[in-house]
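Notes to accompany the following structure.
Read-outs: derived from the displayed coordinates by stated rules, not from any lab. Remember, predicted model here, so these are calculated numbers, not experimental data. As a convention, Cβ positions derive from the backbone with ideal geometry for all residues, glycine included, and neighbour counts pool all protein chains shown.
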Amino acid sequence: MMIMRLLSKGSMSKSKIFFNAWVSALILLLSLYTIASCQDLDKGRKAYLEGDYDKAITIIKAYLNAKPNNAEGYYYLGKCYFEKEEWDNAIEQYRTAINIKPKYLEAIYELGLSYLKRGSFDEAMKTFDEGLTIKNKYADFLNGKGLVQIAQNKLADADLSFRSAISANPKNAEYHKNLGDVNLKKEISSIAIYEYKRAIELDSTRAEVYYSLGKAYLLQMNFQEAVESFKKTVILSPKLKSVYIELGDIYFLAKRYSEAGWAFNEYIKLDPNNPKAFLGLGKSFYNMYQYDSSIVNLNNAIKIEPNLAEAYYYLGKGYDEKKMSQEAAAAYSNYEKIYTSKNNFEWTIKDRDFLVDYGKVLYRLGDSVNLGQAARYLVIATQLDSSYSESFSSLGLTYYQLKKFNEAIPALKKKIELDSTSFSSYLNLAYCYVNLKQLKEALEPLKRVVTMKPDYLQAHQYLAYIYLSELKSYSEAKVEYEKILELEPNDCQAKGNLGYVFLTLNRASEAIRPLLESLKCKPNDVSYNLWLAQAYDITSQWDKAKEAYEKVLKLDPNNKLATDRWKFIDYNY
C-alpha cells in the first residue's frame, strides 16, 4: 500500500514536472514570437528611416497581420504613406492607431498634418484642438494650428499660435522656423531673419531653414548674405532643387553670369524638365557671349514651355548677335504674339528695348515691308521714351532707307540733341539734306562729320561741292579739294576742280599744275582744257594758251569763249 502511494506520488510529481516544463516552453515560444514580431516592426521602422517607404510598408503590413491591435505599427505605416504624399492612406492609418490608443499624441499630431496636406483645413484644425485638450505635447498642437492658419493665410493668427508654442517650449527649432515663415510671408524680414537664426542656433542641420533665411535676406536686398545662406543650404542638402534657381537668379542680377550658369545647370541635373532653369542658363550664356550655347538652352526651354515669352526674346537676341536676321525676326515675332496676347494690352516703357531690337532686325532684312514694320516699332519706342537716343537714330536710318527723308530729319536731329557725339547721325542727316537737294542745310552736319573724322573722304567731297557749286565759297572749296587730294591723290575730278578754284581766286599760275594733272586722266574733258587755256591766257603764256584753246575747239567746235580768245591771241600775238 505504501509502495502504491509512493508510485502514485512519483507519477504525480512527473506529471507536474511535465506540465510545468510545457508551460515554460509555451511562455518561451510566446516570448520568442513577441521578440520576433518586435524585430519585424523594428525592421519596418529602420526601412522608413532609411527612406525606403515601399519596403517599410511591406514589412509593417506583414507585422500588422500578426499584430492587428498594435497602434505603433499603424502609426509608422501612416508615416510611410505621409512621406509618399498619399494623404488618404496616411489618414486611415493614423485614425486606426488612435482608435486603438485614443491618447496617442504623436498619431493625433500626424493626423492633423495629413489633413492639412490634403487641404482639409477644418478637419486639421479640429484635430489639433482635440490634441490641446490632452495637455501633453501642448506646444506641438499650437504649432500645428499655426501651420493651418498659414495655409489659410490667417497670418496674424498663425503668428500668435507660433509665439504661444515658443512660449511653451522656447528651445524647439521648428517653432522658430515657422514663426520666421509667417513673417517672411508678411514681408517683415527683420523678424523672419531673427527667428531663422534662432532656429539655426537650436539646430544647425536643417537645410530648409538656411534656404528660408536666404529668401528673407533677398527681401532686404541683401544679396551677399542671401548667397551665403543658399550656399549653406546646398552643403546640407545638395538635392534641394529650388535653392539653385534662387542662387542662379541672384548671380544673374549681380552679373556674375558664370556662377549663374553653374547654378542653373545644377538644377537641370536634378530636374531636366524645368523651363525656367533652361531659360536662366540660356540668358547666362548670352551674357557670356556664348551665343550657340545660349540658343540651344533657350530652345530647350521652349520645347518644355512653348509659351515662354522671355525665352523667345533672348533667342531673338542670340540669333541677332550671330547675324541670323531671319531667325531673329521669327523669334521676336513669337515673343510679341505671346507677350501681347493678354486683354487690353498696351506697350509700356519697359518694352522699349524689345521694340528697338526688333526694329533693328527688321531694318537689316532690308525689304520695304520689313522696313515699314521696323519704322512702326521704332516710332512706338520713341513715344514711350523720348530720352532714349538709340531709338531715334534707328528710326532716322530706317526712314532714310525708305527714302522718307523729311521724316528721317527730325528723328536724326533728336538723336543729335540727345547724343552730340553720334558720327553716323550727323552723316545721315547730311545725306538726307543732299537727297532733298537742300545743300545749304547739309553744310553744318557735314562740318561736324569732318571734325569728328577728319579723314572721312566722302564728307569732304560733299563739302567741296557745296562750297563750290551752291555757296560760291571758293576759299573754303580750295581747302576741301586740297584735303581730298591729300586723302586720295589720284582723284582726277578734285584736281580739275581745284584748278578751277584757283582761277576764280585770281591765282591762275597755281591753277596750271592741278589742271595739267587732271588732263592726264581725263584728256578730253572740255572744262579742264578750257580752264587750262584760261590759266595760260591770264599768265600771258600765249602759245600754250592758243594751243589749249585749239584743243577745246576740237572737242567743242562751237565753244564761243574758246573761239573768241583764240582769235584774239592769233591776231595780237
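Data overview
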| quantity | calculated |
| --- | --- |
| Residues being buried (at least 16 other Cβ atoms within 10 Å of the Cβ) and polar (S, T, N, Q) - total across region 217-241 | 4 |
| Single unsatisfied condition, Gln383 versus (1) out of contact with any helix residue (DSSP H, G or I) (no Cβ under 8 Å at 6 or more places or on another chain); (2) more than 26 Å from Lys483 (Cβ to Cβ); (3) not in a helix (DSSP H, G or I) | (3) |
| Condition broken by Lys403, with the remaining ones in (1) outside any helix (DSSP H, G or I); (2) within 30 Å of the chain's Cα centre (by Cα); (3) touching a residue at least 24 places away in the same chain (Cβ under 8 Å) satisfied | (2) |
| Scan of region 236-278 for residues that are outside any helix (DSSP H, G or I), within 18 Å of the chain's Cα centre (by Cα) and farther than 17 Å from Lys215 by Cα, ordered by number | Lys255, Arg256, Asn274 |
| First in region 61-77 and touching a residue at least 40 places away in the same chain (Cβ under 8 Å) and over 20 Å from Trp87 (Cβ atoms), second anywhere and of a type in the set (A, V, I, L, M, F, W, C) and part of a helix (DSSP H, G or I), Cβ under 7 Å, 6 or more apart | none |
| Where Asn183 falls short, out of the listed (1) more than 27 Å from Tyr94 (Cα to Cα); (2) among the polar types (S, T, N, Q); (3) in contact (Cβ under 8 Å) with a residue 12 or more places away in the chain; (4) not in a helix (DSSP H, G or I) | (4) |
| Cβ-Cβ under 6 Å pairs, at least 6 apart or on other chains, region 110-138 side without any contact (Cβ under 8 Å) to a residue 24 or more places away in the chain and closer than 20 Å to Asn169 by Cα, far side surrounded by 14 or more Cβ atoms within 10 Å (Cβ to Cβ) and not polar (S, T, N, Q) | Phe128/Gly112; Phe128/Phe141; Phe128/Gly144; Phe128/Lys145; Leu132/Phe141 |
| Exclusive hit being surrounded by fewer than 21 Cβ atoms within 10 Å (Cβ to Cβ) and more than 16 Å from the chain's Cα centre (by Cα), set Gln326, Gln290 | Gln326 |
| Sole residue being buried (at least 24 other Cβ atoms within 10 Å of the Cβ) and over 19 Å from Phe230 (Cα atoms), chosen from Leu160, Leu179 | Leu179 |
| Near pairs, Cβ below 6 angstrom, 6+ apart or cross-chain, from region 440-468 (within 18 Å of Leu485 (Cβ to Cβ) and touching a residue at least 12 places away in the same chain (Cβ under 8 Å)) to any residue that is among the β-branched types (Val, Ile, Thr) and surrounded by fewer than 18 Cβ atoms within 10 Å (Cβ to Cβ) | none |
